[in-house]
1. Could you give the size of the charge dipole of the range 1-158 about its Cα centre, using +1 on the Cβ of each K and R and -1 on the Cβ of each D and E, expressed in debye and rounded to the nearest 20?
2. To the nearest 20 debye, what charge dipole does the range 134-284 have about its Cα centre, counting +1 at the Cβ of each Lys and Arg and -1 at the Cβ of each Asp and Glu?
3. How big is the dipole moment of the chain about its Cα centre under a simple scheme where the beta carbon of each Lys and Arg is +1, that of each Asp and Glu is -1, and everything else is neutral? Debye, nearest 20, please.
4. So which chymotrypsin sites (Phe, Trp or Tyr not before Pro) in the range 215-322 are both in a DSSP loop and have at most 14 other Cβ atoms within 10 Å of their Cβ?
5. Around ASP216, with a cut-off of 10 angstrom between Cβ atoms, what is the net charge of the other residues, counting Lys and Arg +1 and Asp and Glu -1?
6. Place +1 on the Cβ of every Lys and Arg and -1 on the Cβ of every Asp and Glu in the chain, take the dipole about the Cα centre, and give the residue among THR90, LEU67, GLY262 whose Cα lies farthest towards its positive end.
7. What net charge is computed for the residues neighbouring LEU191, neighbours being all others with C-beta under 14 Å from the C-beta of LEU191, Lys and Arg scored +1, Asp and Glu -1?
8. Separation of the range 125-179 and the range 220-260 by C-alpha centroid, Å?
Amino acid sequence: MPTGLLGIEELSRGEVEAILHRARTFQPLQHQSYKKLDTLRGRMIVNLFFEASTRTRTSFEIAAKRLGADTVSITASGSSVSKGESLVDTLNTLAAMRPDAIVMRHAASGAPYFLAHHLAIPIVNAGDGTHEHPTQALLDALTILDHKPALEGLRVAIIGDIAHSRVARSNVHLLAKFGVDIVLCGPATLLPPELSAIATGVTLTNDIREAIEGADVIMMLRVQLERQHDPPLQAGEYFHFYGLRLDHMALAKPDAIVMHPGPINRGRELTSEVADFQQSVILNQVENGVAVRMAVLERVVGAHVEAARQKSGAVRESGLGI
Ligand code: NCD
């Protein structure tokens, strides 16, 4: 049984709550002048990113360091992957150096799941293809809870390139566990109907105004051109139909917040006025990324150490140990 964090789908509501609760205790630390703890002192976290990243990679690295761990960050372009080494061989090579966890991002949906079943080291999924991005959904939930008393009863509109968004998928799994009313909105070609089967509270619409109507949270998504062979709409057309403008905000609840996982493309998914206005929490999401990733790393490394301790105890008890 893998001890890392692969997706939100397989977490229980209680596990999500436990991570958020722990992350909340790390939030004040981010504002102190001295930010370092020694919870993971002596541990080594490897960050292995096969896809571009600014926020996720940096915040995993900062989170590990704030817990006192050592880190090594590797990108595919600077590794032996560019010399033709397979994913399994790369991971086995890194595992042979005995890190305590591997954080990985990969373009193939399912890649971290496959590896987690072959390696004894915990793997934390930092985004796999169009599938899941669990720490993003956790930091999004933490950010929503910084502004709203509870997740239950909220109406959350997720707007944009839903089809290619691991952020949308992980958020749907998380929010559905709390009975949130979720509206997914985008052009028909970017709105997979099967997502409405995840929970009864998920509805789909192609109309941005309908999605925003009465929303407590508006979550905008980037158009993932790197995953689209034949984009259905030109940039201007996309913005015309699915770009968030300040006048749209009149349709939402007066205290609605605007979120975006980043990187944002101003003038494509949202206007600058919306990105920078006071109800935009885009940078709060980034800030919460560190607290959430501290909670996740502490949890997965702690669980792995505990599992190893129990295993060695069991061997000793059976008389096989020295
Ligand atoms: C997201 C991702 O990589 O899935 N970014 C992120 O992690 N903050 C969303 C995106 O790239 O559009």
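1. Taking the Cα centre of the range 1-158 as origin, the dipole is about 580 debye.
2. Roughly 260 debye, rounded to the nearest 20.
3. 1100
4. For chymotrypsin sites (Phe, Trp or Tyr not before Pro) across the range 215-322 that sit outside H, G, I, E and B with at most 14 neighbouring Cβ atoms in 10 Å, the list reads PHE277.
5. Around ASP216, the surrounding residues sum to +1.
6. Value computed over the given set: LEU67.
7. That sum, taken over residues with Cβ under 14 Å, equals -3.
8. So the two Cα centres are separated by 16 Å.
The values are calculated or read from the model by the stated rules, or taken from the named source; none is laboratory data. Remember, predicted model here, so these are calculated numbers, not experimental data. Cβ coordinates were reconstructed from backbone atoms using ideal geometry, including for glycine residues, and neighbour counts include every protein chain displayed. For accessibility, only protein heavy atoms count, side chains too; no ligands or nucleic acids. Shrake-Rupley method; radii C 1.70, N 1.55, O 1.52, S 1.80 Å.
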